[in-house]
Every structure is written in C-alpha cells, then in structure tokens.
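Data block below; observations after.
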Amino acid sequence: MNPRKRKAITREAPPAESDSGEELADGLLDGILSHSEDSSDESQDEDYDSEDSSVIEGLSDEDDELDEDEDEDESGFESDGEEQRIREQLRKLKTSDSSSERRNTSLNLGDGEEKGLEDQDDSLKPNYTVTTDANGNPRYLYKEIDPIYDSDDSAADVTNTIGNIDLSYYDEYPHIGYDINGKKIMRPAKGEALDALLDSIDIPKGWTGLTDPATGKPLKLSDEELDVLKRLTRNEVLEDGYDPYPEMVHYFSGVKEIMPLSAAPEPKRRFVPSKHEAKRVMKIVKAIREGRIQPYKPPEEREEDDEQIHYDVWADEKPRPEKSMHIAAPKLPPPGYEASYHPPPEYLPDKEEEAAWLEQDEEDREREFLPRNHDALRKVPGYENFVKERFERSLDLYLAPRVRRNKLNIDPESLLPKLPSPEDLKPFPTTCAAIFRGQEGLVRSVAFDPLGIYVASGGDDGFVRIWELLTGRQVWNVKLSDEEAVDSVKWRPDKETSILSAAAGEDIYMIVPFTILSPDVEQASRDILDAGWGYAASQPSTTTNGETKEPLGKWSRPGSRLESKGVLVQVTVRSPVKTINWHRKGEYFATVSPRGQSTAVAIHTLSKHLTQLPFRRLKGIAQTAQFHPSKALFFVATRNSIRSYDLAKQELVKILQPGAKWISSIDVHPGGDNLLVGTYDKRLLWHDLDLSTKPYKTLRFHTAAIRAVRYHQGGLPLFADASDDGSMQIFHGKVVGDMMENATIVPLKVLKGHKVKSRLGVMDVDWHPREPWCVSAGADGTCRLWN
Amino acid sequence: MARIKKKGTSGAAKNYITRTRAVKKLQISLPDFRRLCIFKGIYPREPRKKKKVTKGSTAATTFYYTKDIQYLLHEPLLAKFREHKAVSKKIARALGRGEAGDAARLEKNLVPKIKLDHIIKERYPTFVDALRDLDDALSMLFLFANLPSSEHVPAKTISLCQKLCHEFEHYVIVSHSLRKSFLSIKGIYYQATIQGQDILWLVPYRFVQRTGGDIDFRIMGTFIEFYTTLLGFVNYRLYTTIGLVYPPKFNAKMDEQGAELSAFQVEGKSVGTDNASTGNEEAPAVANPEAQAIADKLAALPETEEEETALAPVQPVDEDEANEEIDKFEVTAPGADELPQPQASNAEVASLFAPFTFYLSRETPRAPLEFLLKAFGCKRIGWDGAFGEGAFTTNESDPSITHQIVDRPSLSNGAETSEDADTAPKVQWPRSTMPGRTYVQPQWVWDCINQSKLLRPDLYAPGAELPPHLSPWVKPKKGEYDPNLSLQEQEAEGEAAAFEEEEDEEEERADLKVNGDGNNVDALLDRESSVEAGEGMDVDGSEDDEDDSDESDEGPAADEFDGFDSDAESDISEGEAARLQHQRELEAEATGKTLEPEVETTKSKNAAIRKKAEKKRKQEEEERARQKMMLSNKKRKLLKRIEYGANKRDTEAETLRRKRRKLEKAKSAANAI
C-alpha cells in the first residue's frame, strides 16, 4: 500500500537482480555521484533500501565507504557487471567486518534500520481512519498521501556543476568537478587494488547469495534460469529465437515466379508505343505551338474596385405607359421654418411644450425633433438621429404599402346646406316668457285650451291646475287623486265649450272649471257632459248568450267634493291610462293604457258615455294613439311600429316602420299626410305617409330620450320636441300642398331652461292654437311659456 | 348550366399574395427576397377589400401583387442569387475542411457579380423618371459619404459614394442648377432643378454620426448598391448632355491632401476647349458668356479693385441691371390670385457671386460653402491652409479678397491697430480687418441664395445677431402663420384685444404696440425686401469698416424705439389705471352691484372689441351648428374630418401669433426701459 514501498521494488530491485553489466554500472555510478556528499540524502536512501533488500543496503553502504576511501580504490568499475556486483557485495561484507570506519557506517546503518522500522510501522498502519458518516455508514477518511520523490530523479544527475567540459582537464586533480555547494567532487575509486583481491577469490558457479526458502540451502541459478529472468525483465517472449517481426512476403510482386499464375502471353500493348497517346500528345504539342495553350500564369490581382462601366442607359427611352399600376414613392416634405438652425423665436417651444414633447412616446411625436435656436452656425451640433431617420425612410421605401389617396379638396362650406335664415322663418318661440311655478314633483302633461287663454297642467302631486297664460297666475286647481299622478290632461277641441279631460291612474275625469268660465259656456259644457247619462243604462251591452257584460269603462259621477269643483264625470277603465287624445269633433276620445294588454286602447264616446275597444288583440305594447285630423283614420303606436286603421271600413291601412326601438309619442300633421315620431332612443322621425313606410327624415340632435313631439295646430309651419336633456327644439317644417315637393325641415332654435331632475328633462310640450307660442312641462316642477 | 364559381379563385383573392407565399414561390430566402424587392422597387400593396383577400382572417399580413411576384420569377438576378448561394455553400465547405486557399479562390473566381444596369433602365424608363427619384438616392449617398468605415460599411463603398457625390456636385456647379439651400438642425438641404425636376437632398453636418440602435446596415447597404449604380448612370448622362467627359479626372494625390471637390477635374469633350482644362472647374461648354466676361474683367484688374474697394460690391449691381432680369409681377391689390412666377434663370444664378473673391475662415464649414459659392458663380474661393488643397489662395491678407466669411464672435474692444495686422498675418480676423473687405457670417450666403439677390451684409456682420433663417420652401397658405408678415395682417378679428385682456398683469399699450409692430415690420421688410447689393454699404461705405457693423446694429434699433421714450412713462400710469379699473370691476361683479359707467379707457374699449368679436363668432357658430343639423351622417363625418385639419392649422397659427405677440411685447418693454 505504501507508495514508497512499491516504488522501491519496481525501481530498485531490477538492478539488483539483473546482470546487464554496463547499464547497471552506469546506474551505480550515478548513484555514487549523487550520494557522495549529502549525508541527509544518504540516510534517506538507506531508509528505503533497508526495507526490502540487503543487496541494496549493501550497495548504499558501499557508497559511503567508497566516498571515504576513494583514493585507495582505483580499480574494478570497468569490469563485467555481474562479477562486479558480486564483488561489491563481498566488499560490503568485508567492510562490515573490519575497517576503522565501520563504526560510523554501522551507526548509520543502525539509524537507518531504526528509521526503516518506523517507516514500516507507518506503512503497516492503515493510512485512513474510519468514522461514521451522516447515514451511519462507515466512512474512510484517507490521510493525505505524501509523495516522496527520491533519489533517482533527474535532478540528481546534475550534481556536478562543471558543465559541458571534458573530464580530461581534471586528469591531474583528485577531483572531477564541483557540486552545487562549491565543494569538490572527488574522483571515484577505481578499485584496482580491491579488484585484485576480489579476483583472487573464487566464486562458485551460479552463486546468488540468496537462500532457497524451500530448502534453506543457498539458492543457485543456472545460466538458463538467469536468461529467462533477464527476458522477463525485458518483457520479451521467453521462447528462444522467436522473431516478432518476420519479413513480409509479397505474393504479387514484380519478381518473376517460376510458376506464373496466368499462362497468357504478354499482350502487345505492353511493349508497343500507343498511337492514341501519340496522337493526343501531338495535339497538345500543336496547340502549344499555335499558342492555343498558354503556360499557366496565376491570374493577376484584378482591380478590386472594378470601375463600373458607364454608358447611356437612357439612350432609347420610352415613357412608361399611362395605365401602369406603379406608384412612385412619395417624396419627403421639405423642411419648414421650425427646422431652421436659427428659426424665428416664436417657433421655439416653451418649457411646457418641451416637457410634453420629451414625455411623449417617440412614435406619437408630431415632429421628430425639437426646434432649437443656435445663434451662430458654428454652434450647431450634429443631428443624432440622422442615420436612424434615413434608415427608417429606406424601410418605408420597401416595406410600406403605397396607396393612392385622393386628397380631400372640398370646401367645407359647400357641404353645408343652404338653409333659409331663421330671420326669414319667423315667427317662432325664442325666449322664455313666463314660468308657471307652484307644483310639486314632475309636471307630466300640459295643454292649451282651444281658445288659447288658459293652460292646464297635471303632475305627480295629483293636482290638475289651470293657469292664465298672459299673467302666469294659477286660476283654478283640483286634486283628483291622492296616490296617483295626473298623467295626461287634454282640452276638448271645441271653442264653444270648455271641457278638460284628465287621466289619473285608471280614472279619466271630465272637468268643467266653471269658476273661470262665463255662464253660457259653462252651461253648454255641462249639457254636453250630461247628455250621455242614462244612455248606457237604456242600452245595456249584452253578449250573445244574454249575460250582462261587465262594462269596459264605468261612467259615473265622481262624488260631491269633486263635483263642487267642476269635475263632473269619472270614467274608470281597467288599467292606468297614460294618454288621452281627442277626435277633432270632440265626440270621441281615445285613451291608451300601455299595461292593459287587450284593453290598452279604448275609444270613448262622450255623448253616449260609451267605452269601446277597437282591438281585440294588439300586437306589441301600445304607446299612444291618435285620430287623423280629417279622415276616419286612427293611428296606434306600439313600441316600434305605427299602424293606421280605417275606422269606417274597420281595416288596417298601413304599418309604418320608423326603425326606432321605443316610440314615445307621435303627432299627426294638421294636413294629415305627415307624421312626427319621437322615440326614447333620441331620434325624431318625420314620416311622409304618402312616400314610404320608412321615415323621410331622421333627426338626431338630442343627447337624451325624446318625450313629446307636437305640430303647431294653428297653421304655422312649426313643430317642437321635448327631450330629457332639458332642451326643446323648434323646427320649421313646411309641407307643400302638392305632391311634387318634399317637406322642408329647418332647425330653428334650441330652447333651454328646464333643469334635468333625476335624468328627466322636459316631459311635455304643447302649442298655442294660434300664436307661435308653446308651453312645456318640466321635470323640475315648472311649466314654461316660450314666445 | 354554368359551373358554380368557387370562392377565392378570382378577383382580389387571386390578385394579392402574401409575403410568405411570395418567398416560397420564388424559392429564395427572406433576405434575398428583401434585396430583390429593394432592387426592383417592389413594395407591398394594401388590398382594397382586405377581408376578401385574407379569406376572413384578421391577422396582419403583408400583401404583394401576384403579378409583381410573377414578374420577379423571370428576373435574371434571381439566377444570380441562386448561383451565389451555391458558391457560398462551396466556400463554407472549404472553410469547414480548413482549406482556406480553396475558399479564397472560390470566392475570387466564382462569386457572381451582380449588375443592376437592366434594373435601372426598367425602373426608370426615361431619364426624367430617374431624376424624379433622385431625392432619396442623393440623401443616402451623401450620408454614406460622410460615414466612417466600419465592418458594415466598407471603405470602398464610402469612397465610391464620395466620388459619385462629388461628381454630382460638379455637375450642379457647372450647370448652375442649384436653386435653394437651407441650414436646418438636421443638416443642410439643397435643391437643384435639373431638366425641370426639383431635386431636394439633405447633407448631414460633418460630425460623427450615431449609428447605434436597431439600424440594419444590410438594408441600407442594399439601397446604397442600387443608388450608386443609379447615380453613376445619371452622372454619365448629365455630364454627356452638357458635353463633359464622364468620369472626370480624379487626382488621388490632391484628394489625399483634402482637396475634396477640387480633386476632380472636369473636362470638355471637344478638342477645342483647351483653355477649360487650365482652370480646375471652369465650365467649358456651358460657361455663361456674361459671367465669363465679368470674371475676366475682374481678373484683369485686381489692382484697381483694391483701390476702389468701397465701390467693388456696387459694380455687380450695374452688371445685374444690364442683364435681362425677369420682371416680378407683384400683386397690388389684396385678394387677387397669385400666379406661379418663373424662377431665377441660370444666368442669374451663375452671376450671383461671380464678381467676388471669397475667403473662408478656419471655423466655417468649408465643403458646403465651397459648393454653394461655386454653384452660384464664384470662381475664386480661398481658405485657410488647414482646410486642405484646392484653394484659390490660402493667404488671408490677399488683397483680391472681397468677402471673408467669418463665424467667430468679434472682440469687444476695438483696440486693434494696423501694426497687429503686420505682425500676425497668418490669422488676421478678428485682430485686424482688411479695409474694403466685407466680413459676413455664413448665413449671409444662404440667405442671399434663397432670395437670389445680395443682401445687406451689415445685418450679417460677425458677432451681430442674425436675422432668423427661414426655409425657402414654405409657401404660406391662407390661415397659416407667416413670420414674414406683421401680426396685424394675419390675425383674426379681436385676437389682439383678447390677448391684451389676458395679459392683464401688465399695462395696456395698444397704440404703442401698433407703433412697435409697425416699426418691427419695417425692419423685417427692410431686411427681406430688395436691398440691392451694396446699398447698405453705400450708406456706411465712407466710414471705416469696423464701425460699419456696430453702426448698422445700432442704427435701426435707435430709429425703431425713438418714439417710445417719451410715451413710456405716461403709458405706465395709464396701465396702472386700467388695472385698477379692472380690479373694481371684479369686485363689483363679486358683490353683484352694477358699476356705474366710467370714463372709457382703452381697456374697456378692448373689452368691447373682444366682446363684439366673440358675439359675432358665437352667432356664426350657432348658425353653423344649425346647418350641420341638416347634414346626412356621411356628410357630417366628412365635414368633421375637414374641419379637424382646419382647426388644427388655426390653433397652430394662433399659438404662434400669440407667442410672437408676447415676444414683441417683452422686447418693446425692454427697449422702453
């Protein structure tokens, strides 16, 4: 296990056992030289020598000795290896026996042995310790190996420092050179005297000086055995005369065999010169003579920057055909004032602009540089994005799609229609003339009386109020209901009488506000309302099986409290009524209650106190209904369509498709051919009934839903709408009598004044019967008169 | 029955091809495709109905015309590319085996040389087409001529670019086709008109260009390859049409010594023009006889010129008058249409600087000045020896020099003496000045060129505050801001008043301002109006040159603000009163009381004007909104788009006017104090 031990065997044993003389001798000589002076070296040598072989021990001992008495020993080193070796051993024996220096050597020897023993102890001890590792398994911790590089290193070879000088120069001196410490290296003993002695001693044949462990007798080796050992050391094959590299035998060689492999005679071509080759050679010769084949010259360095040969490419130019699809790349625009190195000062950005520019993303910037002022040309720095901009331009040239785009060269004025000036279309309402205050909550409905003196309004507080138009004073009111709001108020269109109808919840009330009426008007009104009493009772409606049907509308007297105020008739229907619209003659009125499915639309006959349902089933949810101003037509608006029915023939005439999502209100032009539709989806639609079922004009100027639309009924070409954005818009809508011309619609005025409350603005609008005045009902609890 | 047509087999779906498909069809790599597209000028198209082409997919793709790609299939370059690919494979193999010699041989002998001649002819069927497309080519080549060589940009390319650019410049000089030039912060723009085509190119200032970032020099290199071929042919054609030999003689030695433009020697084709070869860039064939006569005359008597230095600049005026000038049709009444007027003729251009001898000081940019001066007829340009070869003279004290271009601040004290000039003849300026020589800053040259007449040099004297340098290409449209006009001429009604109102922190001086504006305008017009060459000199000519610049600096300033001094004080008190008045108004407004009408001040007058204007504007707006109500949706959108542009232009102009008003106000205030 000990590396030193192993080394000693491999290195030192062979010379001990080998009998190759000269090599061994050289080795020994080297050893002598190296060990000559340095005692520490010696001792070390002895250390390992002592371990394994006595022969080597002896050798080392002898070295010492030789050192000391080299003068006397002059002979014997040139003699044959084997003999010499034996002699040396003998010499050792001798010296150990006698000689004055023996003590020293023996001492040395003793020391050496002791050390050797210690070493051996060391070597016997395992060079590891066993511990347990983390898993509890034994773990071998090896000591660090101490590599001892000893004696035979090449460094030992250069103990003599005389360099490359012939030793003959030292012939006269006892030394042959100097060691590294400057001490003389003595000439080794030649040992002539010793040799003489040794030669005299007879050595038995085959003596080895070893004992045979089997017999205990001295071991003798024969010559053959020594030879085998020698071969073994040389790693040779033990067999005698074995040739590892025999000569190669070429089977097919140029050597003429006695027995040839083929018996064919030699072909002629082998010994006749080839005519074909001669021909070819002559061809080449001829070519060379004629100069067709030039001797190879390495091509001379051609000019790298091979000048382009220029000529007129456009010598015969033809213009590109006109229809070519090619679009030339647009040129970059020329620089403007702000690109100047010294621009007018107003083009320089101020601090905010500069900061904004710097903050912007590079791609968002309107211009790629910041204008700068340099008061002299020498102060202008280089533009750092120059290469980048060029690069981007080249990218644009080959990567950007090119599209021919027509430049918009339209005068914006030409697009705008020529509208008649509003001045020419006067009169129309422009300002708020009066505000009727005093109501709580929303005002849901407003109406002018047929004479245009009073305005009636109804709202969430359940009151119906009548205002005097000119003074804005409230002249009459009545509370119809505690819980229900008054959804609609409408005057009966008759100038001789004054009857106001109002809808609150499921009840419709007929009111004669007698306190503000002259007695004969009051009387006429009362007569009309009273005419129907008893009619229903005298002609009870019966069904086919004779049962008395529950009447649709119950006509009754509302009770003394209301009657004392002038509310004379109460009609109760099955579901809450939202709108009331009168027939032009005042005989019929239609009510719409969107929630009553089959009973949504009802037509009431005032003189008979009769309620009828014109539709057994209605498609869609009815929003509002209106009579035609002159014909026996009846319009019913559901959420997204308007149907007109002929009441006389009792058939459907037309379905209008305004394209709206939710119609809020409709109004029929007094001429009867046009229809106005307001929708909750912010649109105001003008339908020409003769033209199409689609709207003739769609107007979208409101930002919120349109609640109400109204035509002026007194002959002025005006109409208005009321919207949840708190504004009303007044339009000029002129309808020409003949069919050749379309209606002209001109926006005139936006009336603003009502406040928006909980997203409700203007709830209703109505026109004065003659004047260009209108009144609006606002969600802010006021009514306003505009003129 | 006819066969049912399959979808996607005709029409838009067939006419367009995506890039990937195009590359596959051509069987080349993407970089090769890119090169091919750059060479052939094929660019992507935007299908009008994209959905039909993409078959409904919405991914962003590039489309080419199928016909374009079809046409590329027959391109000879395509075969070259394939050959190149094969050779590069061989070279790679040789290198892989470590056979460097083989690789070198292959590279030398087998790599196909790409020629673009046929592409030039194909892309530009007529010469005018090529000229039309020269903008980008020149800008790119001038940039590369000024780049340092690097691994991406070989020195060979750069020297080729330099050569071509110099040759082109020589043509421009000889044919006097340069028209305008402009010093921008990006570089110097030049515009030449060749065969009726305006060619505008940009040359960077001579600084090291920043080439970092994501700049792909392979793409630029491909463009350069094409552009060098193009400009080579264009130069050949240009030279031959005016009877010059095309590659002009190139003196490598002079070029080494920094001669740049002068390293080329332009020669006439005919045998009889021997005298032409004596001068460096005398134009033999087209040399303008008049200019030549002037030059000869001046060359003949340089001594006399020395004596009558004061008169020297006057002389060309007479000559110019003798020339047939183009009459200018000026609009006399506002509102008339302006017609495009003929530009300065070649003769005019050729003789602008013809009678002068220029000297460029060391700090001025030599190359652009040399080019410009030569292009505008100057035959004798000297410069500092440090600039390199090719100068008419490198001696600054040469008496024949009439103009020296200087870009250094003048020394404040005028303590120079004539002895200084003697002791230090090497660099005279600013220690001493030569009598009779005009010293100007470089901008003078540019402004003269752009207005094609000689301007007053005293405005451009060294150290003077230069007038703004304006782009010659901006044609102010209606509603746009024009710095050449006074504010009154272009502002909207009531704008000034509104501005005054806003600027309530300061005193109101409407009348003063009007005065100031008027004067400023005068000064501005003075500078820009047709001051005949030397007129400015006439005024001050009798005095010393040193005083000249100072005088001219102070002269107009003093005139301008003479009137203010007396008014200034009363104005301030008036302004104070206006402020108080305004304060009172504000208070009254806060308390809800009505303020009894006071004596009408300018302030209230202003307010009245503004209110009136505002009211009018409001009315107009209302009317417009009313009209817009009746538009159809489509038209309304169109109108919106049109109005967007107009509004942007208006606000831009307004901010500029506002800034100018502010500046003018500050200036007048500073002057008043």
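The values are calculated or read from the model by the stated rules, or taken from the named source; none is laboratory data. Note that this is a predicted model, so its numbers are computed, not measured. Cβ: placed from backbone, ideal geometry, glycine included. Neighbour counts: every protein chain shown. The area values use the complete protein model at the heavy-atom level, side chains included, leaving out ligands, DNA and RNA. Shrake-Rupley method; radii C 1.70, N 1.55, O 1.52, S 1.80 Å.
Observations, loosely collected:
- Multiplying the residue separation of A:Arg292 and A:Tyr251 by 0.36 nm and removing their Cα-Cα distance gives an extension gain of 10.0 nm.
- Only Lys, Arg (+1) and Asp, Glu (-1) charged, at Cβ; region B:117-277 dipole about Cα centre in debye: 220 debye
- Length gained on full extension, B:Lys5 to B:Arg218: 72.1 nm, using 0.36 nm per residue less the C-alpha separation.
- One way to sum up the overall shape of region A:413-510 is the equivalent ellipsoid from its Cα gyration tensor, whose semi-axes run 33, 16, 14 Å, largest first.
- Label-to-label distance for B:Val208 and A:Lys279 is 7.3 nm, based on points extended 7 Å past Cα in the beta-carbon direction.
- Projected label distance in nm at A:Gln597 and A:Ser262, using a 7 Å step from Cα toward the beta-carbon: 11.7 nm
- Cα centroid separation, region A:710-787 to region B:144-172 (Å): 77 Å
- Theoretical FRET efficiency, 1/(1+(r/R0)^6), r = Cβ-Cβ of A:Glu300 and B:Leu110, R0 22 Å, to 0.05: 0.80
- Translational diffusion coefficient of region A:330-378 (Stokes-Einstein, Kirkwood radius from Cα pairs, 25 °C, 0.890 mPa s): 203 µm²/s.
- Cβ neighbours within 10 Å from other chains - mean over B:207-216: 4
- Formal net charge of residues neighbouring A:Lys351 (Cβ-Cβ distance under 13 Å; K, R +1; D, E -1): -4
- The 3J(HN,Hα) values that the Karplus relation (6.51, -1.76, 1.60; θ = phi - 60°) gives for region B:57-68 are, in residue order, 6, 9, 5, 6, 9, 9, 10, 10, 5, 4, 5, 4 Hz. Gly and Pro appear as x.
- Kirkwood Rh (inverse of mean 1/r, distinct Cα pairs), region B:117-277, angstrom: 16.7 Å
- With a cut-off of 15 Å on the backbone N, the residues of region B:76-95 near the modelled label site 7 Å out from B:Glu122 along Cα-Cβ are B:76-82.
- Where only C-alpha atoms are counted, convex hull volume of region B:341-406 per residue in Å³: 87 Å³
- Just the protein heavy atoms count here, and of the accessible area of region B:58-97 at 1.4 Å, carbon and sulfur take up 57 percent.
- Model label sites at A:Leu210 and A:Thr233, defined 7 Å from Cα along the beta-carbon direction, differ in position by 1.1 nm.
- Shielding by partners, peptide A:744-754 (average Cβ within 10 angstrom, other chains): 2
- Segments B:109-115, A:591-597 sorted - mean Cβ within 10 Å per residue, highest first: A:591-597, B:109-115
- Accessible area buried between chains A and B, both sides summed, probe 1.4 Å, in Å² to nearest 100: 8600 Å²
- Compactness relative to 2.2 N^0.38 Å, alpha carbon Rg of region B:12-109: 1.43
- Simple point charges give the picture: +1 on the Cβ of Lys and Arg, -1 on the Cβ of Asp and Glu, and for region B:12-109 a dipole about the Cα centre of about 620 debye.
- Net charge contributed by nearby residues that have their C-beta within less than 14 Å of B:Glu643 (K/R +1, D/E -1): +4
- Measuring how big region A:502-653 is from its alpha-carbon positions, Rg and Dmax come out at 16.1, 49 Å.
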